[in-house]
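Have a look at the structure below, then the notes.
The values are calculated or read from the model by the stated rules, or taken from the named source; none is laboratory data. Small disclaimer: the values here were computed from a predicted structure and weren't measured. No Cβ is skipped: glycine too gets one built from the backbone with ideal geometry, and neighbour counts run over all protein chains shown. The protein model used for the area step is the full one, side chains on, heavy atoms only, and it has no ligands, DNA or RNA in it. Shrake-Rupley method; radii C 1.70, N 1.55, O 1.52, S 1.80 Å.
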Amino acid sequence: MERKKTRTLQIGSVKIGGGEEIAVQSMLCAPAADVEANVEQAKRLFAAGCDIIRVAVPDRESVRLIGAIKAAVPTPLVADIHFDYRLALAAVEAGVDKVRINPGNIGGRERVQAVADACKARGVPIRIGVNGGSLEKEILQKYGAPTAPALVESALYHISLLEECGFTDIAISLKSSSVPTMIEAYRLMSQRCDYPLHLGVTEAGTERMGLIKSAIGIGSLLCDGIGDTIRVSLTDDPVKEVRAARDILKALGIGKQGVRVVSCPTCGRTQIDLISLAKEVDRLVEGMEKDITVAVMGCAVNGPGEAREADIGVAGGDGCGLLFRKGEILRKVPEDQILPALMEEIERL
């Protein structure tokens, strides 16, 4: 898929836009007052492969999180600021790598200029985060609802405030809890500007529905070539957000790949415990950096035939399994030896 060319932003050690790899983001969810819990969560996100971490800075006391987190992990850090421009200034002074703020809700022109000047002096980009639940009253009244055009108009308004201050190191997000609205908004925005776009479905829900909504929304836009960084929002452990985001990219063949597991849905022909086997294989290969496809199939009908492109795989039989590589059968093993035999072959690749 051909990606739209956007401007390049430098966020600490990570670049987004300009054709760079799509960066995966997540946000810490520990209470802002608990520095230790935030640091430990940041370490877990770093270990899970999170490219950019965001932390809420709701008050002056919370600014101390920035130094503590940056001392613990090398991952670029974004400060999430609302309303108080002084928090943005303090976050920049503390060494944050990016600020998430809406210029229109921090006060007059002088305050916007102060934030823009501070960020420009330190090379800190700003993400304008437009959200369907917090549109300006005038825009909401004009459109009658948080529609896609309303989100875009709000984003363009905030962009103009920063551009008037001579600041253009900007990323944009236009998040909605409605997947169709979110998709339409990003498509419209992509036509209107070349700033990098941060994709996400806001308030997506708990793990099950959040994964579905995010995969549809983020995946559809990525297939259009739209998007430079992504965040899967889940009411759950943020590490699951990173894994889900990586899986979306993996499913589309984008960026860092790792092991791709394909497995059949089973049917009446299946004579082994395929569901348990597939889940265990999926667990064991998680985190492996091998760029390979592993097939776990229920029978010979959709084994070496349908999965012939897999680098390695197994097809179940009557209490046994046929190991195959690129459609060619290697050997038959008893059912209780399928997993170790398959993992042995994976390690050899």
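Residues of the range 19-34 being over 15 Å from the mean Cα position of the chain (by Cα) and either assigned to a strand (DSSP E or B) or without any contact (Cβ under 8 Å) to a residue 60 or more places away in the chain (or both), which ones?
GLY19, ALA30, PRO31, ALA32, ALA33, ASP34
For the range 47-62, give me each residue that is acidic (Asp, Glu) and open to solvent by less than 40 Å² (accessible area, probe 1.4 Å).
ASP51
Considering only the range 108-120, I want to know if a residue exists there that is in contact (Cβ under 8 Å) with a residue 12 or more places away in the chain and of a type in the set (Asp, Glu).
Yes: the range 108-120 contains one or more residues that are in contact (Cβ under 8 Å) with a residue 12 or more places away in the chain and of a type in the set (Asp, Glu).
Which of the residues spanning the range 199-214 are open to solvent by 10 Å² or more (accessible area, probe 1.4 Å), part of a helix (DSSP H, G or I) and out of contact with any Lys or Arg (no Cβ under 7 Å at 6 or more places or on another chain)?
Answer for the range 199-214, where residues must be open to solvent by 10 Å² or more (accessible area, probe 1.4 Å), part of a helix (DSSP H, G or I) and out of contact with any Lys or Arg (no Cβ under 7 Å at 6 or more places or on another chain): ARG208, MET209, LEU211, ILE212, LYS213.
Test ARG260 against the criterion of being over 12 Å from the mean Cα position of the chain (by Cα), modelled with pLDDT under 95 and of a type in the set (Lys, Arg), and give yes or no.
When the stated conditions are applied, ARG260 passes them.
Of everything in the range 72-86, what is of a type outside the set (S, T, N, Q) and open to solvent by less than 30 Å² (accessible area, probe 1.4 Å)? Give them in sequence order.
VAL73, PRO76, LEU77, VAL78, ALA79, ASP80, ILE81
Which of the residues spanning the range 102-132 are under 19 Å from the mean Cα position of the chain (by Cα) and not basic (Lys, Arg)?
Correct list: PRO125, ILE126, ILE128, GLY129, VAL130, ASN131.
Only one residue in VAL63, VAL55, VAL78, VAL39 is in contact (Cβ under 8 Å) with a residue 60 or more places away in the chain and either among the hydrophobic types (A, V, I, L, M, F, W, C) or not in a helix (DSSP H, G or I) (or both), so which one is that?
Only one candidate passes the filter, namely VAL78.
Restricting to the range 248-286, name every residue that is touching a residue at least 40 places away in the same chain (Cβ under 8 Å) and closer than 24 Å to SER233 by Cβ.
LEU249, LEU252, ILE254, GLY255, LYS256, GLU286, listed by residue number.
Would you mention how many residues in the range 230-241 are touching a Lys or Arg at 6+ places or on another chain (Cβ under 9 Å) and not acidic (Asp, Glu)?
Adding up the residues that qualify gives 6.
Can you name every one of the helices (runs of 4 or more DSSP H) wholly within the range 122-196 that holds 2 or more residues which are open to solvent by 20 Å² or more (accessible area, probe 1.4 Å), of a type outside the set (Ser, Thr, Tyr) and at pLDDT 95 or above?
It comes to 148-164, 179-192.
Given (1) more than 18 Å from the chain's Cα centre (by Cα); (2) closer than 15 Å to ILE101 by Cβ, where does ALA171 come up short, assuming only one miss?
Answer for ALA171: the failing condition is (1).
Answer with yes or no whether ARG44 is touching a helix residue (DSSP H, G or I) at 6+ places or on another chain (Cβ under 9 Å), within 18 Å of LEU234 (Cβ to Cβ), open to solvent by 70 Å² or more (accessible area, probe 1.4 Å) and not hydroxyl-bearing (Ser, Thr, Tyr).
So ARG44 passes the test.
Looking only at strands (runs of 3 or more DSSP E) that lie completely in the range 241-339, which have at least 2 residues being open to solvent by less than 20 Å² (accessible area, probe 1.4 Å)?
Filter on the range 241-339 gives 293-297, 312-316, 320-325.
Could you pull out the residue among LEU65, LEU89 that is under 28 Å from HIS158 (Cα atoms), open to solvent by less than 30 Å² (accessible area, probe 1.4 Å) and among the aliphatic types (A, V, I, L, M)?
It is LEU65.
I'd like the full set of residues that are out of contact with any Pro (no Cβ under 8 Å at 6 or more places or on another chain) and surrounded by 15 or more Cβ atoms within 10 Å (Cβ to Cβ), limited to the range 104-115.
The answer is GLY104, ILE106, GLY107, ARG111, GLN113, ALA114.
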